[in-house]
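Inspection log for the structure reproduced underneath, given as structure tokens.
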Amino acid sequence: MTSEANLSAAQAPIPPMPSPVALIRTLGLIAMIAGLLVVLAYQLTDPIIKEKELLALEEAVFRVIPGIDEKTATRVSYVLSADGLKRLDDKSAADANLFAVYDSSGKLVGLAMQGAAQGYADVVHTLFAYDPKCQCIDGLTILKSTDTPGFGDKKTVEGNAKFMANFKDLAVKVTADKSGIAHPVETVKHGTKTEPWQVDAMSGATFSSRGIGNGLRAITDQLVPLIQQHLSELESIPKTEVSN
Amino acid sequence: MVTLPSQKKPITLDTFLRGVWEENPVFVMLLGLCPALAVTNSAINAIGMGGATIVVLLGSSALVSLLRNAIPKQVRIASYIVIIATFVTIVDYAIHALSLDLYNALGAFIQLIVVNCVILGRAESFASKHRITKSLVNALGVGVGFTFALLCVGSVREILGSGTLFGFPLFGESFQPWVVMVLPPGGFFVTGGWLLVFAWLKERKQRKVLEQKEALHAA
């Protein structure tokens, strides 16, 4: 019975090979459906994603700068470069490299800047609070980190009171001519911090600590001298038109 | 097109339950182990990944089933991969829009659902041979089974590794978390433990069936 079935299967006509045009047509049809669905999903979700990212950034800015009354405070986004200080509107806030928070009277409460550097698993994205009066870093929050859970992830880093204490009054003073940082931020091995510009690494998470420290060093080297040069413009809330 | 006898079978509860228990993709078939090990360091992550996989399974199974007579077998794998990648991209956007925290926690593993063999396996072995309703029921069963497995692994890892479940603390402040459990080795330990449990349950069931047969024979 089985051999008969095998024989009839062997004698069954082999279906003809479809023409190359038919194969291309099928793949083209599927690619078209795929393209339509992907573009539709992108169009629907993109505004929501941008809004959520902006809200998350705003929350992080308010969280990292100490002594803010969130109900009355105003956040302003800037692009600060050698070309000068440029205010951005909320839609373009993702392109900003400096955030300033003003109180209800329009007086500067604090500044925040984003850092990013290679950690252990990937780039660690951070946000630092900068106090221009004491010329020091006054807070840290982790925006994104995929480093090892329990060692270098957001929850562990932000829960490590000893490490977070590094980012209170961390000295980033500028030189007399305001052209650079007198002592750039330096990450040192756990328990060997001796200077006020040094970051004492976390025990067991040296790469994550270096990622955070290097991100801070890069952004302070770039922005802090410029902030000090443009401090008078930053001290009160700007009344000028925003640029896109 | 030749109709196989299995294609004529009506949809029963078994069509759904087979993927959940008897053919559980992780604990029985040992498929999709990469996300099962990588993102299950918390119960929330496990549910997020499971939910994303269910949506991709349902979408890809529906489209593959609808187009099954139009896709020549010579280009079927290429077609299935394009269909699966489409739904993974949609889920990627959707998770990003719904929760930034979950999106950041799952990281690249959302995009890697494309290469999860559970989904391609369903498209090739089931959706391409059955009607849409049956394919959807089967895909849902497999998706729920996959989520169940991820949740089993994720819950144990979170309880032991962080002392919490769904973020709620279970033990007092004196609890010392067993950090290795939220690290990659913990994924292997816990998955291995669950595989032992499932193997023991299977063996016990087989032994009972054998004992019943022997008792009937003796009677």
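Assigned to a loop (DSSP other than H, G, I, E, B), open to solvent by 70 Å² or more (accessible area, probe 1.4 Å) and modelled with pLDDT under 95: which single residue out of A:K155, A:K178 fits that description? Steps first, please.
On the way: A:K155 fails: assigned to a loop (DSSP other than H, G, I, E, B).
The match here is A:K178.
Candidates are the residues of segment B:106-131 that are closer than 28 Å to A:T148 by Cβ and either in a loop (DSSP other than H, G, I, E, B) or open to solvent by less than 50 Å² (accessible area, probe 1.4 Å) (or both); the one that is nearest to the other protein chains (Cβ to nearest Cβ) is B:G107. What's the total number of residues in segment A:111-127 that are modelled with pLDDT of 90 or more and out of contact with any Phe, Trp or Tyr (no Cβ under 7 Å at 6 or more places or on another chain)? Qualifying residue count, segment A:111-127: 9. Checked against (1) assigned to a helix (DSSP H, G or I); (2) surrounded by 18 or more Cβ atoms within 10 Å (Cβ to Cβ); (3) of a type in the set (S, T, N, Q), B:T40 passes all but a single condition, namely (1). Taking A:E53, is it in a helix (DSSP H, G or I), without any contact (Cβ under 8 Å) to a residue 60 or more places away in the chain, charged (D, E, K, R) and under 25 Å from B:A97 (Cβ atoms)? Considered against the rule, which asks whether it is in a helix (DSSP H, G or I), without any contact (Cβ under 8 Å) to a residue 60 or more places away in the chain, charged (D, E, K, R) and under 25 Å from B:A97 (Cβ atoms), A:E53 comes out as yes. For B:E173, the conditions (1) of a type in the set (D, E, K, R); (2) within 30 Å of A:A60 (Cβ to Cβ); (3) in a helix (DSSP H, G or I) all hold with the exception of (3).
Limited to segment B:68-84, what total is found for residues that are of a type outside the set (D, E, K, R) and more than 7 Å from every other protein chain (Cβ to nearest Cβ)? So that I can check it myself, show each step before the final result.
Looking only at segment B:68-84, we keep the residues that are of a type outside the set (D, E, K, R), and these are B:69-72, B:74-75, B:77-84.
Now narrow it down to the ones that are more than 7 Å from every other protein chain (Cβ to nearest Cβ): B:69, B:77, B:80-81, B:84.
Qualifying residue count for the region: 5.
Here is the figure for segment A:74-108: residues that are polar (S, T, N, Q) and closer than 22 Å to A:E53 by Cβ total 4.
Among the residues of segment B:166-185, is any under 29 Å from B:V55 (Cβ atoms), open to solvent by less than 20 Å² (accessible area, probe 1.4 Å) and either within 19 Å of the chain's Cα centre (by Cα) or of a type in the set (G, A, S) (or both)? If you could, list the steps in order and put the result at the bottom.
So in segment B:166-185, the residues under 29 Å from B:V55 (Cβ atoms) come out as B:166-168, B:181-184.
Narrowing further to those that are open to solvent by less than 20 Å² (accessible area, probe 1.4 Å): B:181-182.
Restricting the remaining residues to those that are either within 19 Å of the chain's Cα centre (by Cα) or of a type in the set (G, A, S) (or both) gives none.
Scanning segment B:166-185 turns up no residue that is under 29 Å from B:V55 (Cβ atoms), open to solvent by less than 20 Å² (accessible area, probe 1.4 Å) and either within 19 Å of the chain's Cα centre (by Cα) or of a type in the set (G, A, S) (or both).
Summed over segment B:56-67, residues that are buried (at least 21 other Cβ atoms within 10 Å of the Cβ) and either closer than 21 Å to A:V21 by Cα or at the interface with another protein chain (Cβ under 9 Å from one of its Cβ atoms) (or both) total 3.
Residues are listed down the side, and each one gets a yes or a no for (1) farther than 15 Å from A:G115 by Cα; (2) buried (at least 19 other Cβ atoms within 10 Å of the Cβ):
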site: A:T194; (1), (2): yes, no
site: A:W197; (1), (2): yes, yes
site: A:D200; (1), (2): yes, yes
site: A:A205; (1), (2): yes, yes
site: A:S208; (1), (2): no, yes
site: A:G211; (1), (2): no, yes
site: A:I219; (1), (2): no, yes
site: A:S232; (1), (2): yes, no
site: A:E235; (1), (2): yes, no
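The values are calculated or read from the model by the stated rules, or taken from the named source; none is laboratory data. Computed from a predicted structure; not experimentally measured. In this analysis, Cβ positions are derived from the backbone assuming ideal geometry, glycine residues included, and neighbour counts consider all displayed protein chains. Ligands, DNA and RNA are excluded from the accessible area calculation, which covers all protein heavy atoms including side chains. Shrake-Rupley method; radii C 1.70, N 1.55, O 1.52, S 1.80 Å.
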